[in-house]
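The values are calculated or read from the model by the stated rules, or taken from the named source; none is laboratory data. Since this is a predicted model, take the numbers as computed values, not measurements. Cβ coordinates were reconstructed from backbone atoms using ideal geometry, including for glycine residues, and neighbour counts include every protein chain displayed.
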């Protein structure tokens, strides 16, 4: 990107269940935030170990940006649909597998942890109306430590 970008750019540092030491060594002048996937996505970027999450939230001064989906809920939902359809699950089932409950559980857990530890948190891609109630809109953006986008 350095050779071809016409705009300022930076890359977040991806957290996993196994790279806490590297996260804690990140230079805040070189990295804008720590990025976490709380539900499995592509690759091995899942962070679902509560102790690791608490350590990250407690020990970094960088903002923590999260994709929130509860892994246990997703796995349970996926298993139900695999029992019904095998490996040929219709795409229409995706919202039931990665359900409102999965999103809300994960977002509420991340927000509670940020409040407990004082971490700066940004939740990527809110996908349910229920999650919006978790956020405060009674103070200026500059004063917020917990934010989100849709």
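Just one of the listed residues (27, 59) is in contact with a helix residue (DSSP H, G or I) (Cβ under 8 Å, 6 or more places away or on another chain) and either over 20 Å from residue 135 (Cα atoms) or surrounded by 19 or more Cβ atoms within 10 Å (Cβ to Cβ) (or both), namely 59.
Residues of segment 33-46 include none that is buried (at least 19 other Cβ atoms within 10 Å of the Cβ), assigned to a helix (DSSP H, G or I) and in contact with a helix residue (DSSP H, G or I) (Cβ under 8 Å, 6 or more places away or on another chain).
Select, from 39, 43, 15, the only residue that is at positive phi and under 16 Å from the mean Cα position of the chain (by Cα).
Working: 39 fails: at positive phi; 15 fails: at positive phi.
Going through 39, 43, 15 in turn, the sole match is 43.
No other residue among 149, 96 is surrounded by fewer than 18 Cβ atoms within 10 Å (Cβ to Cβ), more than 24 Å from residue 28 (Cβ to Cβ) and either touching a strand residue (DSSP E or B) at 6+ places or on another chain (Cβ under 7 Å) or in contact (Cβ under 8 Å) with a residue 12 or more places away in the chain (or both) apart from 96. Within the option set 89, 111, being in a loop (DSSP other than H, G, I, E, B), modelled with pLDDT of 95 or more and surrounded by 11 or more Cβ atoms within 10 Å (Cβ to Cβ) holds for one residue only, 89.
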